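See structure below.
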Amino acid sequence: MSTTATLATLSDSDHMADPNWWRQAAVYQIYPRSFYDSNGDGLGDIKGITAKVPYLKALGIDAVWLSPFYPSALADGGYDVDDYRNVDPKLGTLADFDEMAAALHEAGIKLIADIVPNHSSNRHEWFKEALASPKGSAARDRYIFRDGLGENGELPPADWDSVFGGPAWERITEPDGTPGQWYMHIFAKEQPDFNWSNREVRDDFLKTLRFWSDRGVDGFRIDVAHALTKDLAEPLLSKAQLPREGENAMGAHPYWDRDEVHEIYAEWRQLFNEYNPPRTAVAEAWVHAERRARYASPEGLGQAFNFDLLQADFDATQFRSVITKNLAEAKASGASSTWVFSNHDVVRHATRYGLPQGGRKDGDGKDGDGKDRGQDGKDWLLAGGPKDELDAELGLRRARAASLLMFALPGSAYLYQGEELGLQEVAEIPDVDRQDPAFFRNAGVEVGRDGCRVPLPWSPEGSSFGFGDGEPHLPQPEWFANFAVEVQEGADDSTLEFYRKALELRGRLQAAEELLWHANASAEVLHFSRPGGWHSVTNFGTEPVELPEGTVVVSSGPLDGGKLPSDTTAWLLTDN
Ligand code: NOJ
């Protein structure tokens, strides 16, 4: 059996110059405040990322995506930006940033920055100026201010809800001390929405994109890319009149997924294409699948996340339908597909798969009852699930199988820090330590997203398991010791070594963006191949199954003689 038919890995310099580097990249998401703390203040920082470039290199990823590292009061984990063209002083300086970018590039790793264009923080200079300026002023026009309803303007302009719970409008006190206008905030009240009809706002973001592109940022992840443009013609609709919130509004919603948003991205694309290689972008857009293509088109951002696999159960039928549909969509838009199981907004997949399944039967962005999920995905920001129902061992086994399957798919694989360690969601965070606005605005209903943002364990010992010398900004549980990088490094069956092996092979086997399904005796087995004789087989069923012909090069768990056990994926190589 020949394994030499495999493609050679692109050298680092080829990868850096390749305009198509993003199409099938393995992108590792770093949540900077929880990655590595170089100065002992309990917060991860930019120098911490630089220090861990060898770790990232050894992991075998092509790019890192940094969640926001800008100055922020952390009302929403950094997605409340005070200054778009700076580094949070608690995380470092612009010089530290440059050093990090250079170290990543030196290691052949691309750098993607998170851009948050729908809203700033309420500490942004512009918002402070808006509050200090009179109604109707140019400063107010950069945001969305409206008079309130009711005799004295005491009621919000509309009864809309914020994604994080509570109203989407907040009343201000005018400079003269009287109760005044209201401003719109789709997210927390510390995140006022920009008015994208205002040219100054548009120009300022072009300036920001250029600022980071000039500093060597290779691509951008666009936060809530589908929310920027709004039709807020009076009278504002009431909640009950809004087109059904979410994915099926098809352009008719006053603030989600309006067609005009693409004018903005066409302008951004021109800017991206001035660079060599062109800067890339990926949209975070919770839109109906049919409408995703425009965000992902070459005239637009170029790529868009699909969260369909993330929302599917660990189920062969759901996985196959999601994969088939998304590959076809990506092809039609000229983009490559994206795949993701974990990020900073959702319960880690090692935990999701260890909880009772159900409620997501059709794998097409709808719940089992056919109900659309909200635009924001809030309704699956699970509470971590009832802890006593968690089967962590099963969850991890399935997570490893799912990740190995994902790594074999055509397109980009987005990983989230800690999944390479097999980390579970941290459920045991005391309320006093919680940070997520989703927790505070939904008291007693949602625990929010802190459980996937707990600082990484690098060592089995020390006050913060090697994260830094200080007290970590979110508490780590004792069991983190078992998942520490140092414990897993060199340990054959560890999740870390499994990820390294799989990603290294992925780099070498990478092939044209094509996938061929192979029939199998069981409907619970998914078997597909890529050009060059690269096969991936996953057993979603409960009984071991025969493996097809070929040489096994990696598996997500131990094989059972010549058989593939349940909840396991294996890659095989054949001559064709
Ligand atoms: C999506 C981000 O992923 C999430 O973390 C954030 O809370 C919202 N957008 C608002 O910026």
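Quick note: the coordinates plus some simple rules give every number you see, no bench work behind them. Small disclaimer: the values here were computed from a predicted structure and weren't measured. Ideal geometry is used to build each Cβ from the backbone, glycine not excepted, and the neighbour counts take in all protein chains shown.
The table below gives the values:
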item	result
Helix-only mean residue ellipticity at 222 nm for the chain, each DSSP H run of n ≥ 4 adding -39500 (n - 2.57), per residue, nearest 500	-7000 deg cm²/dmol
Residue pairs, from the table Lys135/Lys230; Lys128/Lys207; Lys128/Lys239; Lys189/Lys230; Lys47/Lys110; Lys207/Lys230, whose Cα atoms sit over 24 Å apart	Lys128/Lys239
Rounded to 5, the percent of DSSP beta bridges in the chain classed as antiparallel	55
The chain: angle of helix 199-214 to the longest principal axis, Cα-based, in degrees nearest 10	40
Distant-in-sequence amide H partners of Trp65 (H built 1.01 Å from N, under 5 Å)	Tyr28, Gln29, Ile30, Ile112
Alpha-carbon spread of segment 251-312, three principal axes, descending order, Å	37, 28, 14
Sequence-distant residues sharing a close amide H with Arg123 (under 5 Å, placed H)	none
From phi via Karplus (6.51, -1.76, 1.60), per-residue ³J(HN,Hα) for segment 487-501 in Hz, x at Gly/Pro	5, 8, 4, x, 8, 3, 8, 6, 5, 4, 5, 5, 4, 4, 5
J(HN,Hα) series, segment 553-570, from Karplus relation 6.51 cos²θ - 1.76 cosθ + 1.60, nearest Hz, glycine and proline x	10, 6, 9, 7, x, x, 8, 10, x, x, 9, 9, x, 4, 6, 9, 10, 10
Selection from Ala158, Ile144, Trp169, by position along the positive dipole direction of segment 125-184 (Cβ)	Ile144
Computed over segment 207-289, Cα set: Rg, Dmax in Å	15.5, 48
Qualifying GluC sites (Glu not before Pro) in segment 227-289, DSSP loop, other Cβ atoms within 10 Å at most 12	Glu274
Residues His262, His253 arranged by fewest to most Cβ contacts within 10 Å	His262, His253
Whether segment 125-184 is rounded, prolate or oblate, judged on the alpha carbon gyration tensor where a/c under 1.5 counts as rounded	oblate
Modelled label reach - Glu546, point 7 Å along Cα→Cβ, segment 514-536 residues with backbone N closer than 19 Å	518-529, 535-536
Net dipole in debye of the chain [+1 Lys, Arg Cβ; -1 Asp, Glu Cβ; about Cα centre; nearest 20]	1060
Amide proton proximity set for Trp196, modelled H, under 5 Å, gap of 5+	Lys230
Point-charge dipole on Cβ atoms (K/R +1, D/E -1) for segment 233-273, about Cα centre, debye to 20	120
In degrees, nearest ten, helix 94-106 long axis to first principal axis of the chain (Cα)	20
In Hz, Karplus ³J(HN,Hα) per residue of segment 159-172 (6.51, -1.76, 1.60; θ = phi - 60°; x = Gly, Pro)	8, 5, 9, 6, 4, 8, x, x, x, 8, 10, 10, 8, 10
All-pairs Cα distance distribution in the chain, expressed in whole percent, bin size 10 Å	3, 17, 29, 28, 16, 5, 1, 0, 0
Dipole-positive endmost among Ser463, Gly108, Ser494 within the chain (Cβ charges, Cα centre)	Gly108
Spatial separation of Cα centroids for segment 221-285 and segment 385-464, in angstrom	29
Inter-label distance for Asp575 and Ala491, nm, one decimal - labels placed 7 Å from Cα along Cα-to-Cβ	4.1
Pairwise Cα inverse-distance average, inverted: Kirkwood Rh of segment 92-131 (Å)	12.7
For Thr538, net neighbour charge (Lys/Arg +1, Asp/Glu -1) across residues whose Cβ lies under 13 Å away	+1
Burial order of peptide ranges 288-296, 479-487 (average beta-carbon count within 10 Å, highest first)	288-296, 479-487
